[in-house]
Amino acid sequence: MVGLVIVSHSRMLAEGVVELAYEMADKALHIIPAGGLEDGSIGTDALRIMEALLVADTGDGVLVLGDMGSSILSTQIAIDLLEDEALKQRVKISHASLVEGAIIAAIQASIGDPLDEVFNATLQVSSFSKL
Amino acid sequence: MDSLVYATIKKITEKIEQNKDFLTDLDREIGDGDHGINMTRGFTAVLTKISLDDDLDISSTLKKVGMTLLSTVGGASGPLYGSAFLKASAALKDITTLTAPVLGKILTASLTGIKERGKAVKGDKTMVDALEPACDAFVFALSQNASCLECMDQAIAAAKLGVEYTKSIAAKKGRASYLGARSIGHQDPGATSVLIILEAIREVINRKG
């Protein structure tokens, strides 16, 4: 299954999104939070994100969802820092809204969709109804 | 480690710390109010990770600085300054002495790193508005056979104009871009920290004489 990494400036927000996404996901799915800095401060940490990518990948690739700004910049660096060239090629960053994107990605990844399809599904979330 | 490189990093940290509240106040006006705090946290962490006794060449030192900034700054300036130092590190393989042409290489590579990562161009109200003119001025002065200190003076004069220019424009990148035209009239914190770093470099070169 495609793994997911949830990047947020806030550790609690990242962990909360993971908790929510598991409600709809196969418990074997890897959904890894990478929020905040090591000391708990608000911010994003490219090295924490890189470690999360390594944990999230089971060979089928990883989709990353971030909150904004540096969550995307730090994820781009985390990908650059990966030593495994093959893994680099199977990480994608989705610009979808974080909560809705994480939930739809968890559902699609749980049914075994490949990375490109999980990624495409998250791009549709802005047109989803909240009810 | 090269003592000049170490002294420069130490001076940058000192000046960033001195300007912590100033940078944070600027960022509070148009951003999330943490630039001074973030930069201070990042460079303070750098100083705990490097020591004058380390057996590191200039390239490896800059790499260590960049990697530390990536994981300790927190805001967008972390990946941006981190990329600047990593790009400079990659441009300096096998270089053992910090000279004016080497400093020119560092500035040019830093600018490339920041632009590639942030996709900002001049006029977006970012670090680039200070660093690009500074870099151009430094390289031009160097081509006129100016001394390292004179090159830095030109770079700083250009960066100052760049910082002033950011007051007149609306932000197109980062958190400040959410404010649109309301960001006009405010000086960009990122461009300001670029200027502070350049001034720190100049102080060390000046002291060296």
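With an 8 Å cut-off on Cα pairs and a minimum separation of 6 or more residues, tell me the relative contact order of chain A in percent. The partial results should precede the final answer.
Working: 267 pairs, mean separation 39.9, N = 131.
That works out to 30 percent.
With a 1.4 Å probe rolled over the protein heavy atoms of all chains, the accessible area of A:His30, A:His9 falls in the order A:His30, A:His9, largest first.
In this simple spin-label model, placing a label point 7 Å from the Cα along the Cα-to-Cβ direction at both B:Thr112 and B:Ala181 gives a separation of 4.0 nm.
Residues of segment B:1-18 with an amide N closer than 17 Å to a point placed 7 Å from the Cα of B:Leu52 along the Cα-to-Cβ direction: B:1-14.
3J(HN,Hα) along segment B:158-169, derived from phi through the Karplus expression 6.51 cos²θ - 1.76 cosθ + 1.60 where θ = phi - 60°, amounts to 5, 5, 4, 4, x, 5, 4, 4, 4, 5, 8, 10 Hz, with x in place of Gly and Pro. Helix B:128-143 and the longest principal axis of the Cα set of chain B meet at an angle near 40°.
Just to check, using Stokes-Einstein with a Kirkwood Rh over alpha carbon pairs, what's the diffusion coefficient of segment B:106-209 at 4 °C and 1.567 mPa s in µm²/s? Don't jump to the answer; show the numbers that get you there.
Numbers: Rh = 13.8 Å.
D = 94 µm²/s.
Counting only the Cα atoms, segment B:26-176 fills a convex hull of 107 Å³ per residue.
Under 5 Å from the amide H of A:Val5 lie the amide H atoms of A:Ile32, A:Leu63, A:Val64, A:Leu65, each residue being 5 or more positions distant or on a separate chain, with H modelled from the backbone and absent for Pro and chain starts.
Per-residue mean of foreign Cβ neighbours for B:36-49 is 1 (Cβ atoms of other chains, 10 Å radius).
Specify whether the C-alpha gyration tensor of segment A:61-131 places it in the rounded, prolate or oblate class, a ≥ b ≥ c being the square roots of the eigenvalues: rounded for a/c under 1.5, otherwise prolate if a/b is larger than b/c and oblate if not. All intermediate terms of the calculation are to be shown ahead of the outcome.
Working: a/c = 3.03, a/b = 1.44, b/c = 2.10.
Oblate is the answer for segment A:61-131, as a/c is 1.5 or above yet b/c matches or exceeds a/b.
Considering all alpha-carbon pairs of segment B:136-190, what whole percent are spaced by more than 18 angstrom? Of all Cα-Cα pairs in segment B:136-190, 46 percent lie more than 18 Å apart.
Here the mean projected area of the convex hull built on the C-alpha positions of segment A:10-62 is 3.7 nm².
Give the share of C-alpha pairs in each 10 angstrom bin for chain A, from 0 to the last occupied bin, in whole percents, shortest bins first. Once binned at 10 Å, the Cα pair distances of chain A give 15, 50, 32, 4, 0.
Which stretch or stretches of segment B:145-182 have amide N atoms under 15 Å from the point lying 7 Å from B:Thr97's Cα along the Cα→Cβ direction? Within reach of a label on B:Thr97: B:148.
Does the protein assembly as shown come out rounded, prolate or oblate by the C-alpha gyration tensor, with a ≥ b ≥ c the root eigenvalues, rounded set by a/c under 1.5 and, if not, prolate when a/b is larger than b/c and oblate if not?
On the way: a/c = 2.31, a/b = 1.73, b/c = 1.33.
Since a/c reaches 1.5 and a/b is larger than b/c, the shape of the protein assembly as shown is classed as prolate.
Hey, any idea what the orientation-averaged projected area of the convex hull of segment B:1-72's Cα atoms comes to, in nm²? The partial results should precede the final answer.
On the way: hull surface 18.4 nm².
Over every viewing direction, the Cα hull of segment B:1-72 projects on average to 4.6 nm².
Please report the spacing between the Cα centers of segment B:141-209 and segment A:12-63 in Å, no decimals. Cα centroid to Cα centroid, the span is 37 Å. P(r) tail for segment B:94-150: Cα pairs beyond 13 Å make up 60% of the total.
In this structure, A:Val55 and A:Leu123 have a Cβ-Cβ separation that, at R0 = 22 Å, corresponds to a calculated FRET efficiency of about 0.30.
For segment A:42-81, a decrease in accessible area of 50 Å² or greater in the assembled protein chains relative to the isolated chain, with a 1.4 Å probe, applies to A:Leu47, A:Met68, A:Leu73, A:Ile77. Measure nothing but the geometry: give the 0 to 90° angle between the long axis through the Cα atoms of B:58-72 and the longest principal axis through the Cα atoms of chain B, rounded to 10°. Value to nearest ten degrees: 30.
Rounded, prolate or oblate: which one fits segment B:43-84, using the alpha carbon gyration tensor with axes a ≥ b ≥ c (rounded when a/c is under 1.5, else prolate when a/b beats b/c, else oblate)? Oblate shape, in that a/c is at least 1.5 and b/c is the bigger or equal ratio.
The values are calculated or read from the model by the stated rules, or taken from the named source; none is laboratory data. Treat the numbers as computed from the prediction; the structure is a model and nothing was measured. Counting neighbours? That spans all protein chains shown, and the Cβs are built from the backbone with ideal geometry, glycine included. Protein only, heavy atoms only, side chains kept; ligands, DNA and RNA dropped before computing areas. Shrake-Rupley method; radii C 1.70, N 1.55, O 1.52, S 1.80 Å.
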